[in-house]
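Here is the structure we will look at, set down as structure tokens.
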Amino acid sequence: MAYQALYRKWRPADFSSMVSQEAIVSTLRNQIITGRIAHAYLFCGSRGTGKTSAAKIMARAVNCESPVNGDPCGKCESCLRLAAEESMDVMEIDAASNNGVDEIRDLRETVKYPPQHGRFKVYIIDEVHMLSASAFNALLKTLEEPPAYVVFILATTEPQKLPATILSRCQRFDFGRIPAMQIVGRLRQAVEGAQATATDSALNMIARAAEGGMRDALSILDMCLGYQSDVTDELVRNVLGTSDRYFLFRFTDALEGEDAGEVMRMIDELMRKGREPMVFAREMSQHMRALLMAKTCPDELANLLDLTQETAYEYVEQAEEMTVTRLMRMLELFMSVETELRYASSPRLALENVALKCCLRTQEVDARALTDRIVQLEKKLAELTEKIASGAVVAAAPKAKAEPKAAAPKKTEAPKPKVLTPTGRSAEDAWKEAVKTLQKGNPMVYGFLSFGRFAGCDGTLYRWAANPAPGAEMYVGMLNKPQNVQAICAALTDAAGVESRFEAVMPQADQTGPADEEESLLTALGETFERANVIVQDEPK
């Protein structure tokens, strides 16, 4: 006998075998038991949720000579004929390929003839939303007042496309997506029936990938068993073209740390393994959704996402490092790139572009990006305030006073002369004027400059030093790029009145410390909101 696909082999033969859809099964069973059979049904729902299976079971049950609790007995002559597909009392019509008015007119002609063996003549019209407008009009009268022995069962994944005149003539049943745990139970039965083995985590991965569709889940399992009889996590990932969970966590950590080099390296690793950019973008969208849920409702995360407590704790721990604003922004970016990847000539470039947008968020100057940066600054200020209050940051103890010696004449150092430009203003004033010019004309360069400070002027060479913080190397590298140096030099030349040069340098080793961290935060606040709008005030004790 030829091999039969798992989703066909495990198609339910009666209502008792159906997974989920308890309310629908109970209603249909009661109608069969009481004999209150409607003349038209409409089964709606996403793919693989049991619409066609329920329609076939219903067709056998209404013609069964001795139904058992609403289920077909499977032993009578009518059940045996329908199982062998030898009966003309049940007709399945694919509306996707028979969607014209002529096919519906032929159907109306066959409706006149009574059933051959059973009590009812059942017409199952699959994907009924594909019928043309004229075909729907031709079906209306027959659907409203068919002969007493005719039952129509319409199935569709898009009920919104059906005319209201059709909807009003049918009893509608909406099939919901099947929960992942129930899919796992049926997959376990299929694995045991195939005399194979599978890990629980592998079956969970298949169930989540199926997104509530039993047929998709069984098809994925069928592909896995085609490779080997032992279904493992690695095998499922290779079949689906997905990444492991730890890779997603590491990739998100790189985005949070704004480590562009690590992000590019990990994308290259994905491409070398043959992973699909669209699949990875969808996984990142799901990962960001999980982090958002961990941020907003951490106590319910395990139940909402069908996770273990250990995995839920990992999501909560990573979500603590990120703001809700940034998580929502990253989720939107990865969701939008899924559509772009369908038509992109170079999917890798589109994925790298969106990853860099998520990573280098300091380049964005819209309200949402600024809000995210403000939240980060407030968080750092709160941490610093807490350290000071707890005594973690203590001022240096005063040195012990030495015995007084003969007073020596104090040396008064001459004040250092200010470096003046040909326009008569100081180098610091020229720098501030250039920064204001860049704020209006080149926001991206201005955003980079806000993460450091003016480090002095040597003749016509102006120096900028990055703040002592993670990612300082990235800002120095970006500002030293030729196009950025050229833009800064042009602004400095206009402000100083003489041809000027620019150089970005790393912070000195002695610049680290709580005081400098506080000063860098105040500098960033001043450059974001203008120094005149920032008021620093000690809290009353």
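Since every read-out is calculated from the coordinates, none of them should be taken as a lab result. Since we're looking at a predicted model, the values are computed, not measured. Note that we place each Cβ from the backbone using ideal geometry, even for glycine, and neighbour counts take in every protein chain shown.
Here is how the numbers come out for the structure above:
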quantity	calculated
Charge dipole magnitude, Cβ of K and R +1, D and E -1 - segment 24-134, Cα centre, debye nearest 20	480
Nonlocal amide H pairs with Val90, under 5 Å, H built at 1.01 Å	Val122
Using θ = phi - 60° and Karplus 6.51 cos²θ - 1.76 cosθ + 1.60, couplings along segment 10-25 (whole Hz; Gly, Pro as x)	9, 5, x, 9, 8, 5, 5, 8, 6, 9, 6, 6, 4, 5, 5, 4
Euclidean distance of C-alpha centroids, segment 104-130 and segment 284-308, integer Å	48
Check: segment 140-188 dipole with +1 on Lys, Arg Cβ and -1 on Asp, Glu Cβ, in debye	260
Charge dipole (segment 180-240, unit charges on Cβ, about Cα centre) - positive-most of Val191, Tyr227, Met181	Met181
Karplus-derived 3J(HN,Hα), 6.51/-1.76/1.60, for each residue of segment 103-108, Hz, glycine and proline x	5, 5, 5, 5, 4, 4
Cleavage-rule hits (GluC sites (Glu not before Pro)) in segment 6-113: DSSP loop, at most 13 neighbouring Cβ within 10 angstrom	Glu85, Glu86
Segment 15-106: trypsin sites (Lys or Arg not before Pro) falling in loop per DSSP and having at most 10 other Cβ within 10 Å	Arg36
Descending semi-axes in whole angstrom, ellipsoid equivalent of segment 131-272, from the Cα gyration tensor	44, 23, 12
Antiparallel %, DSSP beta bridges [both residues in segment 6-175], to 5	5
Gain on full stretching of the segment that runs from Glu378 to Glu321 - 0.36 nm per residue minus C-alpha separation	19.2 nm
Most positive-pole-ward Cα, Gly100, Gln31, Leu131, against dipole of segment 6-175 from beta carbon charges	Gln31
Signed unit charges on C-beta, dipole axis of segment 280-351, positive-most listed residue Leu304, Leu341, Leu331	Leu341
Charge dipole magnitude, Cβ of K and R +1, D and E -1 - segment 180-240, Cα centre, debye nearest 20	160
Shape metrics for segment 2-133, restricted to C-alpha atoms - Rg then Dmax, Å	15.1, 42
